[in-house]
Structure formats: C-alpha cells, structure tokens
Amino acid sequence: MFHTECLGLEPDRTAAMGCRRTSPRPVPAAHRWEIRCERHGRIDEQASSVLARIAPAADRVRALVDGGDVDAGLMMVRWFDDPDGGYNAMGWRLSCEQIQLLARMGASVESDEYAGDSTAHSSR
C-alpha cells in the first residue's frame, strides 16, 4: 500500500472504502490506514503507545496531509462500563509533547465515549 511505503511503517489494520458495503452508503466511508493499541488499559496510556509508534514518521505523515488527500487523526474510544477505562479512570490527558506531535502531523483528535456493554461491540 502506498502509505505504508511513504511512512516506512506497517499498519495494524487497513480498510478500503466500500469494502463491506457500497449501498446505500459505502462502509467504511473512507480508506483507512491504522496504527492501534490493542493492549487493554487507560485511554491515555493507549494513546501514548500509538503516538510513540507513529512519532518517527511524523514529518512523512505531515507531507501526506499537506498533499491534500490524507487526513491524520488520533481516535480514542472509551466504554464507561470497562473497569480499566471507564468510571474508575475518568478523564484522560495528553502531554504538551504529544499535542505538539499531533500538531506537527496536522492531526485531529477525536474522542468517543459510550455507556453499555463494551464486549458486545468490541473484538476483545
């Protein structure tokens, strides 16, 4: 894949737009190239793991973003009924250096939080 060659990193997961469904809307709605943290734990610890892995390619990520065809972002998802990441671990924090890294890559931050049975919706 082009992004793998450009970044010099192997993704943990990829998806092609419309690979699961093309109508009425394509799912996924965009191509995806992902570095993930599959280790169960606090959401800020998982974010730290992902950011440490992508940091060596930060300038190459920015070059792709500046090319106009790529969006970069840190996506964090927390289930409140998860004992390692829910009510027992309210809040999360990114360090100044992590925020600077995200800005250097031209990346956004998205955080989704859900209530309910996380095991019904996750691959764990």
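In this rough spin-label picture, where each label sits 7 Å from Cα along the Cβ direction, the residue 13-residue 45 distance is 2.0 nm.
Amide H to amide H, with H built 1.01 Å from N, residue 77 comes under 5 Å of 112, counting only residues 5 or more places away or on other chains. Amide H to amide H, with H built 1.01 Å from N, residue 107 comes under 5 Å of no residue 5 or more places away or on another chain.
Every number in this text was worked out from the coordinates using simple rules, so none of it is lab data. Quantities reported herein were computed from a predicted structural model and do not represent experimental measurements. Note: ideal-geometry Cβ built from the backbone for every residue, glycine included; neighbour counts use all protein chains shown.
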